[in-house]
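The values are calculated or read from the model by the stated rules, or taken from the named source; none is laboratory data. Since we're looking at a predicted model, the values are computed, not measured. Because the Cβ atoms are built from the backbone with ideal geometry, glycine has one as well, and the counts that use them run over all protein chains shown.
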Ligand code: GDP
């Protein structure tokens, strides 16, 4: 879509544009492949995915006698698609009522904003939503959610001060009483340097399981695309503590590091539920690998 294309402008420039100038210039040779390698690394595809992509290209170049820039670009687009396609596993919010989504991420990753966007997304599907303001470390996060909830007619369960686990416990009980379809449970963010401090968030997960046996049904980690390769460490740290079942990658619009999706797919694959491509309420989109690749190369 045009929106996605616009959102991915910078990665497009880095990858697509970089490639266009590379391919436009001359015939395919080892030098060109080396420059291509640098381009992929700069788009944050990571060493592993970059090597894989180059391997594919080299094989096809020799075997299929690729000659034109178009052919090489098409081959690269297909190879990239093959890498990230397994991440495309849309979230099905059904089978549990309430369906509890626990949302985690470091401070500034876009957690609170994404919760607002997700609430809208589910409401648009005719589902009722309740927000649990479990980020009790940051008063501003609670305020932000409450203001947002008032404006959009979404119930927010919050508690001044208080303990995150207690807030989320109350929220789940309220959701059950009101027959709410989806609970979005915010959790306290932490600094990227505090990835070892996971006790509190692990406790929140246990409390959810107590309040709603079988829950949480989704443990969603929000990642800022700007952190590039550091995303891998965040996925691993959160996964170890709380068992991540889905990802949201935000701020793909502001960055040239969109290649990070390839790195995630190769090195710590998790279902990529949504991507954030802007600050607007509709700028959170279900991830579709083909659309993503087309937006980069078309
Ligand atoms: P939190 O600390 O993780 O709760 O982060 P916030 O939700 O407060 O977001 C931090 C900043 O990132 C805010 O200024 C958001 O508007 C911005 N943001 C979040 N998602 C996106 C996105 O997809 N694109 C852009 N451009 N900005 C975003």
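Would it be correct to say that residue 185 is under 20 Å from the mean Cα position of the chain (by Cα) and within 16 Å of the ligand (Cβ to nearest atom)? Yes: the conditions hold for residue 185. Within the span defined as region 41-48, every residue fails to be away from the ligand (no atom under 16 Å from the Cβ), farther than 29 Å from residue 246 by Cα and free of Cβ contacts under 8 Å to residues at least 12 places away in the same chain. The criterion of at least 1 residues that are modelled with pLDDT of 80 or more and out of contact with any helix residue (DSSP H, G or I) (no Cβ under 6 Å at 6 or more places or on another chain) is met, among helices (runs of 4 or more DSSP H) falling completely within region 12-85, by 30-42, 46-64, 69-84.
Here's the yes/no breakdown for (1) modelled with pLDDT under 90; (2) farther than 27 Å from residue 227 by Cα:
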| position | (1), (2) |
| --- | --- |
| 98 | no, yes |
| 111 | no, no |
| 118 | no, no |
| 125 | no, yes |
| 130 | no, yes |
| 136 | yes, no |
| 145 | yes, no |
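Taking the criterion of being more than 17 Å from the chain's Cα centre (by Cα) and crowded, with 24+ Cβ neighbours inside 10 Å, the residues of region 100-129 that qualify are 100, 129. Assessment of region 192-211 against the conditions (over 16 Å from the mean Cα position of the chain (by Cα), within 16 Å of the ligand (Cβ to nearest atom), buried (at least 19 other Cβ atoms within 10 Å of the Cβ) and in contact (Cβ under 8 Å) with a residue 12 or more places away in the chain) yields at least one matching residue.
Give me the pairs: first residue in region 277-298 and within 21 Å of residue 117 (Cα to Cα) and assigned to a loop (DSSP other than H, G, I, E, B), second residue more than 16 Å from the ligand (Cβ to nearest atom) and modelled with pLDDT of 95 or more, beta-carbon distance under 7 Å, and six or more apart or on different chains, which are they? Correct list of pairs: 287/87; 287/88; 288/88. Sort out for me the helices (runs of 4 or more DSSP H) sitting completely within region 104-179 that have 2 or more residues that are more than 16 Å from the ligand (Cβ to nearest atom), in contact (Cβ under 8 Å) with a residue 12 or more places away in the chain and farther than 20 Å from residue 241 by Cβ. Correct list: 111-124, 164-177.
Going through (1) within 13 Å of the ligand (Cβ to nearest atom); (2) in contact with a helix residue (DSSP H, G or I) (Cβ under 6 Å, 6 or more places away or on another chain); (3) not in a strand (DSSP E or B) one by one, residue 248 falls short only on (3). Within region 226-241, can one find any residue that is crowded, with 23+ Cβ neighbours inside 10 Å and either closer than 18 Å to residue 13 by Cα or more than 16 Å from the ligand (Cβ to nearest atom) (or both)? Among the residues of region 226-241, not one is crowded, with 23+ Cβ neighbours inside 10 Å and either closer than 18 Å to residue 13 by Cα or more than 16 Å from the ligand (Cβ to nearest atom) (or both), which makes the answer no.
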